[in-house]
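Peer 1: There's a structure below that I have some questions on.
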Amino acid sequence: MSDPIQSSGSPNRTLVFTPAEFEGISKYLIGTSVRLYPSIIVPQSAGPARIQEKPELMMQSVIESCPFKSVMSFVVGGALGGFMGLFNSSIAPHHQTVQLSTRETLIDMKNTIGSSAKGFAFIGFMFAGTECIIESYRAKTDLKNAVYSGAVTGGILGLRAGIKAAGMGAAGFAAFSAAIDYFMHTSSLFNPTN
């Protein structure tokens, strides 16, 4: 039941609404609470509103899933790592006392490219996966997600060398992730002013 409301006209007179009257006034002031399409939310910022088709919604949910983001980061990280390995092996090949033949040089380049590609792919997979999981758990998109994900990734990478290395790796990777995320969100290069 609702509490009595004092009338502004006379201090002794109170207004009491019945539940049906209160519901009618609420509907009049707020509007109906029934949505025409309760399971579909259409954003209004990208032009005229339209209802998304079911295949489009399915594709969007696949692309926004954590496994897809992790695998895409694995692939892109591997490609970037392969390019970096090619660059490093061509700039500074492993010098030995004897001159390497062309075949030995190509084998050395292949090993360097593969090693670099695996490292970058693993880092991309770990970072994107943990960031997506943390973001899904926290239900927020902010700087803390990158810091936490960087700490987890750096800690796991450094764990092979011991606990102290894991702590240093976690701190270093978290700081680097925070710096990159801050730069990406505040730089005029990525956020031009109109």
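Any read-out appearing in this document is the output of simple, stated calculations on the displayed coordinates, not a laboratory observation. What you see is a predicted model, and the numbers here were worked out from it, not measured in a lab. For neighbour counting, all protein chains shown are included, and Cβ atoms are generated from backbone atoms with ideal geometry for every residue, glycine included.
Peer 1: Checking the cross-link filter: which lysines have an alpha carbon closer than 18 Å to that of Lys118, excluding same-chain neighbours under 8 positions apart?
Peer 2: By straight Cα distance, Lys118 reaches Lys69, Lys110.
Peer 1: Now for a different question. Using 0.36 nm times the number of residues separating Ser188 and Phe22, minus their current alpha carbon distance, what extension gain do you get?
Peer 2: 54.5 nm is the gain from fully extending Ser188 to Phe22.
Peer 1: In whole Å, what are the extents of segment 136-194 along the principal axes defined by its C-alpha atoms, from largest to smallest?
Peer 2: Rounded to whole Å, the extents work out to 49, 25, 11 Å.
Peer 1: Would you please put 100-109, 151-160 in order of how densely packed they are, using the mean number of other Cβ atoms within 10 angstrom per residue and starting with the highest?
Peer 2: 151-160, 100-109
Peer 1: Okay, next question. Just to check I understand the Karplus step: with θ = phi - 60° and J = 6.51 cos²θ - 1.76 cosθ + 1.60, what whole-Hz values come out for segment 157-166, glycine and proline as x?
Peer 2: Each residue of segment 157-166 in turn: 5, x, 5, 5, 9, x, 5, 4, 5, 5 Hz.
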